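**Q** The following block contains the structure, expressed as structure tokens.
Each value in this text was obtained by applying a stated rule to the coordinates, not by laboratory testing. Owing to the predicted nature of the structure, the values given are computational and were not obtained by experimental measurement. Cβ coordinates were reconstructed from backbone atoms using ideal geometry, including for glycine residues, and neighbour counts include every protein chain displayed.
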Amino acid sequence: MNCMIAQSGGPTVAINASLAGVLKANEATKSYDKIYGALNGIVGVLHHNFLELTSLIEEEDNFIDRLIHTPAMYLGSCRYKIPSGDEGQEIYRQVFKVFEEYQIGAFFYIGGNDSMDTVDKLSKYGASINSSVRIVGIPKTIDNDLVTIDHTPGFGSAAKYVATSVREVAWDAYIYAVPSVTIIEIMGRDAGWLTAAAALARTEDSPAPDRIYLPEVAFDLDAVTEDVRNILKEKNTVVLAISEGIRDKNGEYISTTDGGSDIFGHNHLSGAGKTLEHLLKEALGVKVRSIEINVLQRCASHLASRTDLEESVRLGETAHALALAGKTAVMASVKRVSGTGFDGTRPAHECVEDASSPYQVAYTSVPVSLVANQVKSVPREWINAEGNDVTDAMVNYLRPLIAGEPHLSYTDGLADYLSTKHLYHVKA
């Protein structure tokens, strides 16, 4: 009996660590004879584009360890929504025909909200035909917006990159003795978790970012302008952290859009920071610049969180164990059992807020139907009353997730990652 793994959605520092976790668990148990990696997600399954990962483990030195420290997605990705109706049924039949052909006993899909939708749909179809294939989801997303999980793999490393970048931008901005505003735009269309991580940049001497704006609270341009004007009366430099998805009181994005959306219906956003730059420059008459961190925050392995990588490996191992135990239609999950935490299943004010308690987690599973197409927003209690900053509870929640540094291998002064040449010429 064999198993199959695929990756989907946006890349992260830690998604390959979860893939490595499945491989590591199978090396220890020898439960599956072969592990096939589908290239470019569910599309690779449909097109029979596979890597035999068990062979790579034997052929390449330290393959699993190097995989843990390789960013993005070793197997490639896709953004593919299985259609409804007869066309969808035909795709399900094709997928399970592939499973039968390759003697697949378990299928692992690593991804975010939309990927869990695919896991849910495949699981339901499998149940309808009494298939014995176990379908297990493994979470990932830098957005940290999956429900029923304390935090998602990839988020801690992205948060570490954001906090580091904001601190370095602030140091750059402080050197000029002229009034200025620096706007840092951070990913987060519907949830502001990653932008909230900018608060970790603050030191005893540096308050930057001076203000933080998340999509969970309506953005009031007049209030923001007056707030910035007052800060400039006290000092020369203002640093703002904003989510790409900030909206006004009518729920309209302040950024421009290209009028389009992806296959899952997500709007294509462009330039919240640039939009605010022009508005503040006109209103205040001072130097204003905007910086869009963009994709840099997704795969910066040189600033990875060791905690993030280690937990991602464990979630891969957990998924492997779930399949062996006969579980299907589930997602591997992590629950914080001590330290400040928020698993999305209870109000934030009921969560532990004692930063002195040790950080510990437990690994479990949740029905994937509870996760698919849901969004975990930042709780309002973790945003200040004015809606322009986060609370100490948020900082306490975030701090353990960025802890620890990975030990990377370097060649010619640059980090040495596994080759992805197998993805260069894959046809869609």
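**Q** Could you list which residues have their amide H under 5 Å from that of Phe50, counting only those 5 or more apart in sequence or on another chain, with H placed in the peptide plane?
**A** Under 5 Å from the amide H of Phe50: Leu39.
**Q** Continuing with this model, one more query. If you average the sequence gap of Cα pairs under 8 Å that are 6 or more apart and divide by the length of the chain, what percent do you get for the contact order?
**A** RCO, the chain: 21 percent.
**Q** I'd like the orientation of helix 306-324 relative to the chain: the angle between its Cα long axis and the longest Cα principal axis, in ° from 0 to 90, rounded to 10.
**A** Rounded to the nearest ten degrees, it is 30.
**Q** Arrange Tyr410, Tyr125 by Cβ neighbour counts within 10 Å, fewest through most, would you?
**A** Ordered by Cβ neighbours within 10 Å, fewest first: Tyr410, Tyr125.
**Q** Could you state the number of Å between the C-alpha centres of the stretch 103-181 and the stretch 293-329?
**A** First find each Cα centre; the distance between them is then 9 Å.
**Q** Over all directions, how big on average is the projection of the convex hull of the alpha-carbon atoms in the stretch 91-220, in square nanometres?
**A** Mean projected area of the Cα convex hull: 11.5 nm².
**Q** Here's another thing I want to ask about it. Which ³J(HN,Hα) values, rounded to whole Hz and listed in residue order, are derived for the stretch 36-49 from phi using the Karplus coefficients 6.51, -1.76 and 1.60 in 6.51 cos²θ - 1.76 cosθ + 1.60 with θ = phi - 60°, glycine and proline given as x?
**A** For the stretch 36-49, the Karplus curve yields 9, x, 7, 7, 6, x, 5, 4, x, 5, 5, 9, 6, 9 Hz.
**Q** On to the next question. Antiparallel as a % of all DSSP beta bridges within the stretch 157-297, to the nearest 5?
**A** The answer is about 20 percent antiparallel.
**Q** Among Glu252, Glu244, Glu185, which one shows the highest mean-square fluctuation when the chain is modelled as a Gaussian network with alpha-carbon springs under 10 Å?
**A** Glu252
**Q** Same structure, new question: Quick one: Karplus J couplings for the stretch 105-120, per residue in order, coefficients 6.51, -1.76, 1.60, θ = phi - 60°, nearest Hz, x for Gly and Pro?
**A** x, 8, 10, 10, 10, 9, x, x, 3, 5, 5, 5, 5, 5, 4, 4
**Q** Connecting C-alpha atoms closer than 10 Å in a GNM of the chain, tell me which of His48, His302, His407 has the biggest fluctuation.
**A** Of His48, His302, His407, the most mobile in the Gaussian network model is His407.
**Q** Another question about this same structure. Using the alpha-carbon atoms, what tilt in degrees (0 to 90, nearest 10) does helix 85-101 show relative to the longest principal axis of the chain?
**A** That helix lies at roughly 60 degrees to the long axis.
**Q** List the residues, sorted by chain then number, that are 5 or more residues from Ile110 or on another chain and whose placed amide H is less than 5 Å from its amide H.
**A** Here Ala6, Gln7, Ser8, Ile138 satisfy the definition.
**Q** So for each of 159-166, 57-64 I average, over its residues, the number of other beta carbons within 10 Å; can you give me the resulting order with the highest mean first?
**A** Most protected by this proxy first, the peptides run 159-166, 57-64.
**Q** Pop the C-beta distance of Tyr174 and Lys81 into the FRET formula with R0 = 60 Å and round what comes out to the nearest 0.05.
**A** About 0.85, to the nearest 0.05.
**Q** If I take R0 = 22 Å and measure r between the Cβ atoms of Tyr410 and Val295 in this structure, what FRET efficiency does the formula 1/(1 + (r/R0)^6) give, to the nearest 0.05?
**A** Calculated transfer efficiency: 0.50.
**Q** Here is the link list: Lys121/Lys376; Lys124/Lys160; Lys121/Lys274; Lys124/Lys249; Lys249/Lys274. Which ones come out longer than 28 Å on Cα distance?
**A** Going by Cα-Cα distance, Lys124/Lys160; Lys121/Lys274; Lys124/Lys249 fall outside the 28 Å limit.
**Q** Let me ask you something else. Check Glu292: other-chain or 5+ apart residues with amide H under 5 Å from its amide H, H built from backbone geometry?
**A** Glu185
**Q** Sticking with this one: Taking 7 Å along the Cα-to-C-beta vector as the label spot, tell me the Asn236-Ala362 distance in nanometres, rounded to one decimal.
**A** About 5.4 nm separates the two model spin labels.
**Q** How large is ³J(HN,Hα) for each residue in the stretch 284-295, as worked out from phi by the Karplus curve 6.51 cos²θ - 1.76 cosθ + 1.60 (θ = phi - 60°), to whole Hz, x for Gly and Pro?
**A** Each residue's phi maps through the Karplus curve to give 9, x, 10, 5, 10, 10, 10, 10, 9, 5, 6, 6 Hz.
**Q** Taking the Cβ-Cβ separation of Ala127 and Val337 as r and a Förster radius of 30 Å, what is the calculated FRET efficiency to the nearest 0.05?
**A** So, using R0 = 30 Å, E works out to roughly 0.40.
**Q** For the chain, set up a Gaussian network in which alpha carbons nearer than 10 Å are linked by springs, and say which option among His320, His151, His278 fluctuates the most.
**A** His278
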